[in-house]
1. Only one residue in K283, K335, K272, K288 is at pLDDT below 75 and basic (K, R), so which one is that?
2. State whether one or more residues within the range 38-45 are free of Cβ contacts under 8 Å to residues at least 40 places away in the same chain, open to solvent by 50 Å² or more (accessible area, probe 1.4 Å), touching a helix residue (DSSP H, G or I) at 6+ places or on another chain (Cβ under 8 Å) and not in a helix (DSSP H, G or I).
3. Are there any pairs with C-beta distances below 7 angstrom linking a residue in the range 288-304 that is under 16 Å from M233 (Cα atoms) and outside any helix (DSSP H, G or I) to a residue that is open to solvent by less than 50 Å² (accessible area, probe 1.4 Å) and at pLDDT 80 or above, with the two at least 6 apart or on different chains, and if so which?
4. Starting from residues that are of a type in the set (S, T, Y) and surrounded by fewer than 19 Cβ atoms within 10 Å (Cβ to Cβ), keep the ones in the range 118-154 and report whichever is modelled with the lowest pLDDT.
5. Within the range 278-295, work out how many residues are within 26 Å of L203 (Cα to Cα) and of a type in the set (G, A, S).
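The values are calculated or read from the model by the stated rules, or taken from the named source; none is laboratory data. Everything quoted here is computed from the prediction, not taken from an experiment. Here Cβ is always computed from backbone atoms with ideal geometry, including for glycine, and neighbour counts include all displayed protein chains. We work out accessible area using only protein heavy atoms, side chains counted, and drop any ligands, DNA or RNA first. Shrake-Rupley method; radii C 1.70, N 1.55, O 1.52, S 1.80 Å.
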Amino acid sequence: MKGMLTYKNPLYLLTVAPFRDISDAIATAMYHQNLKGSPAYKKNLASKTLMYAVSPSTWGALRRFVFNREGGDGEVNALLEEMIAAGGAPLHSRFLDLQQKADVAAQAIKELQGVEALTAKERGAKLLSGLNNWVDGLADVMDMSARFATYRAATDLGISSTDAARLSLDSSLNLTRRGEMARTLDVAIPFFGAGIEGSRKTLRILSNPKSALKIAGGLIAYGVLESLWNSMMSDDNDKDGQEDYLDLDQGAKMRMNRAVIYYGSCADDYIKVPVGQMLGYFKFVGNKIGDVMAGNGTAATASAQLVDAMQRSEEHTSELQSLRHLVCRLLLEKK
């Protein structure tokens, strides 16, 4: 079920995954460029990462690599292979060379060809198998997009391939550190690994005062502007006494995990963009400040909602950490 909702779901792969990975990569880049001792210290890694994350050449190289396509910029293609060889890609990609990866993708394309000559039963099985392999390839493209953007940015700044690979692997959630019980826990508890890694990474980023100030301050400022804009654009069509955009709090879920922008006065006239793991709370703080400034709430109400959101985040993190400690203890006792 988790697979059907995430890495087997084209809608998730084309919307939620890239936005979250890119926002995580930019936040991580800001952390490294403000961390003494980091190879990216005092280098403009964050803006270059954003530039390469939206560059067609980045996505083109990844698509050609995964789906065995020819052409494109040979220098960019070579840079992608260099990143994988240096260890900057997820674990499964590092064990496949270019020809093995191309063979898998080519097989997926072949399975979708000539299906019109098969019986209805055979056609369905072929289409399902080919579609499954194609979606797996799409997941690989999305999984490496933010990492490759970081690698290109780092090498542009004169960082060695080894250090650039480390930065790229750290750019979005690194789920390659897995113990013997991790797979079982991921099946039993949706997003167990992502929750632990997201909490650990956010705490590490915020442990550096400079990066914390820039990342948290920027998100809060954006949250204020978002609320002021939505207050101006949206309306109260359901007659519940508050503007439509405030209905998206949903117990501090929607506005805490998405950037929500209204473009019209109707209740559904908005777009939502996912934000990185655990970073949405700071945007939500800005949202509540903006609500008060727009006259759509009191300071007391906003404070209560922020405390509620913080408790939810802390409870989630605490539950994951407690479960992790329990698993570690059981494994030690087993040994």
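1. Details: K283 fails: at pLDDT below 75; K272 fails: at pLDDT below 75; K288 fails: at pLDDT below 75.
After applying the criteria, what remains is K335.
2. Within the range 38-45, one or more residues are free of Cβ contacts under 8 Å to residues at least 40 places away in the same chain, open to solvent by 50 Å² or more (accessible area, probe 1.4 Å), touching a helix residue (DSSP H, G or I) at 6+ places or on another chain (Cβ under 8 Å) and not in a helix (DSSP H, G or I).
3. Once the first residue is under 16 Å from M233 (Cα atoms) and outside any helix (DSSP H, G or I) and sits in the range 288-304, its partners that are open to solvent by less than 50 Å² (accessible area, probe 1.4 Å) and at pLDDT 80 or above give A294/S227; A294/S231; N296/S231; N296/E243; N296/L246.
4. Going residue by residue through the range 118-154, those that are of a type in the set (S, T, Y) are 119, 129, 145, 150-151.
Keeping just the survivors that are surrounded by fewer than 19 Cβ atoms within 10 Å (Cβ to Cβ) gives 119, 129.
Values: T119: 64, S129: 67.
Checking each candidate, the answer is T119.
5. Our first condition is that a residue be within 26 Å of L203 (Cα to Cα); within the range 278-295, this holds for 278-290.
Those still in the list that are of a type in the set (G, A, S) too: 280, 286, 290.
Final tally of qualifying residues: 3.
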